[in-house]
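These notes concern the structure reproduced below.
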Amino acid sequence: MNILLVSTNRNRLPMPVMPIGACIVAHAAERAGHTAYFLDLMFMKDPMAAIEAALADGKPDVVGLSVRNIDNNDMQNSIFFLNDLFRIVDVIRTRTSVPIILGGAALGVMPEQILRLAPVTCAVVGDGELVFPQILDRISRHERFSDLPGIARIENGVFKRNNTSVGFSATCPVPDYHRWLNIPAYLSRMATVPIQTKTGCQFHCVYCTYPKIEGSSCRLKEPGSIADAVAQLAAKGFRDIEFVDSVFNSPLEHAMEVCAALARVKHNARIQCLELNPRDFDDGLVTAMERAGFAGMGITLESASDPVLQGLRKGFTSRDVHHAAEVVRRHPIPCAWIFLLGGPGETRETVRETLRFAETQIRPGDVAFFNIGLRIYPGTELEAIARGEGVLSLSPDAMLAPVFYLSAQLDAVWLEQELKRSMDRHMNFINIATLSLPFLPLINKIGSSLGMSPPYWRHTRVLRRVLRFAGMDV
Ligand code: B12
């Protein structure tokens, strides 16, 4: 059959991300004997015209739409992306009656709410590479496929969803990205190539959607196949590779095996990952990462204060946080520290404790990224907390449009001012507004043409100084 796969994401902030999940699914469709036509809307001037042309040229028997972002997760300047998806579905529906199948991270987060607004055939929740070919096979034989794992749909107004256990491939996939994507456009904007070393997340952070998207047990990729994938990608010119696991160093033994396998193969890749947990973090891990070819790492703390870490159910303490800072100071590898202020239990005192940590423990050459307010997603513990505190009364359907939690013991204005005061004194501190600067893509492009390489955040201090010198309040 002819399959049209559309990657619908057009958000270029903080940089365009390559739609690897959609490519993996297209690759799987081809391996199952179908002809895949891939349309990436990221750099299309007129996306609707591009879709119309793809429908006319490709004459698809099935259309797959990959949906990544619901919104930008920014409490102060919220952007909702799904209206574009609804328009795309309308355009396709007016031109063809073939099955339309949704997939992608957004469907893991809020499948029911999206399906109620998008008149499509069904959605796949979770990994797509094994189930999508099975769906295509059933469609080609005119058979029902609503019983397949991971399928979610609205039937007579009722939301139905099958469980997602479809099996797992332990081999790291390397689709031919050059064939599917406008690679120069991505690379010149400092995009990195995402790779997963595992799927799933076993932590229980109250606000997080990762277990909903990937499941709550880890399915590990074979370390040798990850190292081979990195070497193959680097040989094709994709030198900047990012591990996009929920948490890279959990389970720690697997992370160590991945690093050892990478150290054994010859590759000239610059690897990074932004999701390290401070609990299983020590000199042995960082040394292994340096030998493996890591050029940058990020530690997701959210807070350095115990009442907040407990309220978020992070599973580590401020002791682990301070220990991680000591370890980082012993290694040359650049580090980004990620914070989320305003969660359950946050007070002025806990905010000050976290800022004090950042101001005194983080090296000036490293970067601290602060986000304020937590996006509340249906089905998370944070939703229950917010309802229990009486600060959320919206129905789950009304939560597709962004809704945020901020501790009742804080007011947003004070928090923003306190953070701004700290950012004014520390040029290596940034917030989501810095990452959403409309001219950031241009800066990325200029940086790339001057030979700067990711991790782009290494240059934060210099960039903020230059922009402030030019009169901008960043
Ligand atoms: C790593 C990551 C990042 C990295 C990306 C680095 C990179 N080089 O790619 C960074 C930090 C840059 C980032 C940025 C952002 N991110 Co982010 N990110 C992730 C994360 C952790 C992993 C994404 C990933 O690559 N997965 C691996 C690939 C292989 O999986 P996949 O694309 O989902 O594809 C699989 C399935 O979904 C399915 N599938 C995909 N397409 C299709 C299509 C069909 C037809 C079918 C059947 C199946 C199918 O099959 C694929 C293979 O199994 C997810 C959370 C998560 N666990 O998914 C959040 C996530 C995707 N991000 C999210 C958000 C909001 C953002 C930002 C907007 C945040 C911000 N304010 O800056 C930006 C947007 C960037 C952009 N330009 O669009 C949200 C999106 C949903 C939402 N809440 O709106 C997520 C889900 C996290 C969350 N908060 O819930 N992100």
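The values are calculated or read from the model by the stated rules, or taken from the named source; none is laboratory data. If you're wondering where the values come from, they're calculated on a predicted model, not measured in any experiment. So basically every Cβ, Gly included, is an ideal-geometry build from the backbone, and we count neighbours across all protein chains shown. Note: areas computed on protein heavy atoms with side chains; ligands, DNA, RNA excluded. Shrake-Rupley method; radii C 1.70, N 1.55, O 1.52, S 1.80 Å.
So ARG12 fits all but one of (1) open to solvent by 60 Å² or more (accessible area, probe 1.4 Å); (2) modelled with pLDDT of 95 or more; what number is the exception?
All conditions are met except number (2).
Would you point out the residue of segment 111-134, among those that are within 13 Å of the ligand (Cβ to nearest atom), in a helix (DSSP H, G or I) and in contact (Cβ under 8 Å) with a residue 60 or more places away in the chain, that is farthest from the chain's Cα centre (by Cα)?
Restricting to residues being within 13 Å of the ligand (Cβ to nearest atom), in a helix (DSSP H, G or I) and in contact (Cβ under 8 Å) with a residue 60 or more places away in the chain, the top hit is PRO133.
Could you check segment 25-37 and list, in sequence order, the residues that are open to solvent by less than 30 Å² (accessible area, probe 1.4 Å) and in contact (Cβ under 8 Å) with a residue 40 or more places away in the chain? Explain how you work it out, then say what you get.
First, pick out the residues of segment 25-37 that are open to solvent by less than 30 Å² (accessible area, probe 1.4 Å): 25-26, 28-29, 34, 36.
Of everything in segment 25-37, those that are open to solvent by less than 30 Å² (accessible area, probe 1.4 Å) and in contact (Cβ under 8 Å) with a residue 40 or more places away in the chain turn out to be VAL25, ALA26, ALA28, ALA29, HIS34.
Please go through segment 69-103 and give me each residue that is within 15 Å of LEU41 (Cα to Cα) and within 8 Å of the ligand (Cβ to nearest atom), ordered by number. Talk me through it step by step, then tell me what you get.
Pass one, segment 69-103, residues within 15 Å of LEU41 (Cα to Cα): 69, 81-89, 91-92.
Residues satisfying the conditions are ASN69, PHE81.
Out of the residues in segment 408-428 that are in contact (Cβ under 8 Å) with a residue 24 or more places away in the chain, open to solvent by 70 Å² or more (accessible area, probe 1.4 Å) and in a helix (DSSP H, G or I), state the one that is nearest to GLN361 (Cα to Cα).
In this case the residue turns out to be ARG425.
For segment 42-67, give me each residue that is within 13 Å of the ligand (Cβ to nearest atom) and surrounded by fewer than 20 Cβ atoms within 10 Å (Cβ to Cβ). First the steps, then the outcome.
First pass over segment 42-67, keeping only residues within 13 Å of the ligand (Cβ to nearest atom): 42-43, 60, 62-67.
The one that is within 13 Å of the ligand (Cβ to nearest atom) and surrounded by fewer than 20 Cβ atoms within 10 Å (Cβ to Cβ): PHE43.
Would you be able to tell me the number of residues in segment 135-159 that are under 16 Å from ILE3 (Cα atoms) and buried (at least 19 other Cβ atoms within 10 Å of the Cβ)?
Taking segment 135-159 and keeping what is under 16 Å from ILE3 (Cα atoms), we get 135-142.
Going one step further and asking which of them are buried (at least 19 other Cβ atoms within 10 Å of the Cβ), we end up with 135-136, 139.
Total meeting the criteria: 3.
Out of the residues in segment 388-405 that are touching a residue at least 24 places away in the same chain (Cβ under 8 Å) and touching a helix residue (DSSP H, G or I) at 6+ places or on another chain (Cβ under 6 Å), which is surrounded by the most Cβ atoms within 10 Å (Cβ to Cβ)?
In this case the residue turns out to be TYR405.
Have a look at SER246, SER250, SER225 and point out the one that is part of a loop (DSSP other than H, G, I, E, B), within 16 Å of the ligand (Cβ to nearest atom), touching a residue at least 12 places away in the same chain (Cβ under 8 Å) and within 26 Å of MET190 (Cα to Cα).
Unique residue meeting the criteria: SER246.
Looking for something more than 30 Å from TYR207 (Cα to Cα), at pLDDT 95 or above and polar (S, T, N, Q) - is there at least one such residue anywhere in segment 76-94?
Looking for residues that are more than 30 Å from TYR207 (Cα to Cα), at pLDDT 95 or above and polar (S, T, N, Q), one finds at least one in segment 76-94, hence yes.
Might you check whether a residue that is at positive phi and not β-branched (Val, Ile, Thr) occurs anywhere in segment 407-419?
Scanning segment 407-419, I find no residue that is at positive phi and not β-branched (Val, Ile, Thr), so the answer is no.
Given the options PHE203, PHE238, name the one that is assigned to a loop (DSSP other than H, G, I, E, B) and under 20 Å from VAL17 (Cα atoms).
Criteria check complete, one pass: PHE238.
Please find, within segment 295-350, the residue that is farthest from THR460 (Cα to Cα) out of those that are open to solvent by 20 Å² or more (accessible area, probe 1.4 Å) and among the basic types (Lys, Arg).
My answer is ARG313.
Please work out which one of (1) more than 16 Å from LEU5 (Cβ to Cβ); (2) in contact (Cβ under 8 Å) with a residue 24 or more places away in the chain; (3) open to solvent by 60 Å² or more (accessible area, probe 1.4 Å) is the condition ASP90 fails and give its number.
The number of the failed condition is (2).
Looking only at segment 378-406, which residues are part of a loop (DSSP other than H, G, I, E, B) and in contact with a Lys or Arg (Cβ under 7 Å, 6 or more places away or on another chain)? Reasoning before the result, please.
If we filter segment 378-406 for residues that are part of a loop (DSSP other than H, G, I, E, B), which is where we start, we get 378-380, 389-395, 400-403, 406.
Passing the criteria: GLY379, PRO402.
Scan segment 366-377 and tell me whether some residue there is assigned to a helix (DSSP H, G or I) and buried (at least 18 other Cβ atoms within 10 Å of the Cβ). Steps first, answer last, please.
The first filter runs over segment 366-377 and keeps only residues assigned to a helix (DSSP H, G or I), leaving none.
Taking every residue of segment 366-377 in turn, none turns out to be assigned to a helix (DSSP H, G or I) and buried (at least 18 other Cβ atoms within 10 Å of the Cβ).
From the list GLY58, GLY33, pick out the single residue that is at pLDDT below 95 and either of a type in the set (Gly, Ala, Ser) or in contact with a strand residue (DSSP E or B) (Cβ under 6 Å, 6 or more places away or on another chain) (or both).
On the way: GLY33 fails: at pLDDT below 95.
After ruling out the rest, the residue left standing is GLY58.
Just checking, how many residues over segment 14-30 are among the small types (Gly, Ala, Ser), in contact with a Pro (Cβ under 9 Å, 6 or more places away or on another chain) and near the ligand (Cβ under 6 Å from one of its atoms)?
1
Looking only at segment 239-260, which residues are more than 23 Å from the chain's Cα centre (by Cα) and within 21 Å of THR192 (Cα to Cα)?
Listed by number, the list is empty, since nothing qualifies.
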